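**Q** Below you'll find the structure I mean.
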Amino acid sequence: TIDLHAWNEKTRKAEVGYWLAKSENGQGITTAAVRKLCEIAFTDYHLNKLELRANVRNIGSNRVAEKVGFRFVGVKHEDDIEEGQYVSVNHYECLKRDFNHVGDDT
């Protein structure tokens, strides 16, 4: 599952969210899907900024953000709850002007 949510029409930004079954991890599926979603968001929907949040312990999700070209902007401690426990979340962002240069060497 992949989507854009938390749309802000005024600032032309949205948040990217995704979930993939563990059995499908490590195949590049999420990276390709997020990259395509970003392309659509910037080109078809004319968004200027995308944001992405990932649990600090979710190495795969953080790698997806970095591989697609999102820039790490900081950690929000105990910012979410998973399985009844507070978790810290890495925050990333990608600007339209930066996205065009990502992936040329991959």
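Only the coordinates and a few stated rules stand behind these numbers; no lab work does. Worth saying up front: this structure is predicted, and the values here are computed from it rather than measured. Every residue, glycine among them, receives a Cβ derived from its backbone with ideal geometry; neighbour counts consider all protein chains shown.
**Q** Ranked from highest to lowest mean number of other Cβ atoms within 10 Å per residue, what is the order of the peptides 8-16, 82-90, 65-73?
**A** 65-73, 8-16, 82-90
**Q** Just grab the label-to-label distance for GLU9 and HIS46, each label 7 Å out from Cα along the Cβ direction, in nm (one decimal).
**A** Once both label points are built, they end up 1.3 nm from each other.
**Q** OK, next. Once the cut-off is 22 Å, how many percent of the Cα-Cα pairs in the chain end up in the long-distance tail?
**A** Percent of Cα pairs beyond 22 Å in the chain: 29.
**Q** Kindly state, to the nearest 0.05, the FRET efficiency for THR1 paired with ARG97, given R0 = 30 Å and r defined as their beta-carbon distance.
**A** Plugging the Cβ-Cβ distance into 1/(1 + (r/R0)^6) gives 0.60.
**Q** To continue, here is another question. Listing ARG97, ARG63, ARG35 from the residue with the fewest other Cβ atoms within 10 Å to the one with the most, what is the order?
**A** Fewest to most other Cβ atoms nearby, the residues stand as ARG97, ARG63, ARG35.
**Q** Between the alpha-carbon centers of the stretch 50-89 and the stretch 16-35, tell me the distance in whole angstrom.
**A** 14
**Q** Gain in length, LYS36 to GLU78, computed as 0.36 nm per residue apart minus the alpha-carbon separation, to one decimal in nm?
**A** 12.1 nm
**Q** Here is a further query. Enter the angle in degrees (range 0 to 90, nearest 10) between the Cα long axis of helix 59-68 and the first principal axis of the Cα atoms of the chain, meaning the one along which they spread out most.
**A** In the chain, helix 59-68 runs at an angle near 10 degrees to the longest axis.
**Q** Same structure again: Taking the Cα centre of the stretch 1-91 as origin, work out the dipole magnitude from +1 charges on Lys and Arg Cβ and -1 charges on Asp and Glu Cβ, in debye rounded to 20.
**A** 380
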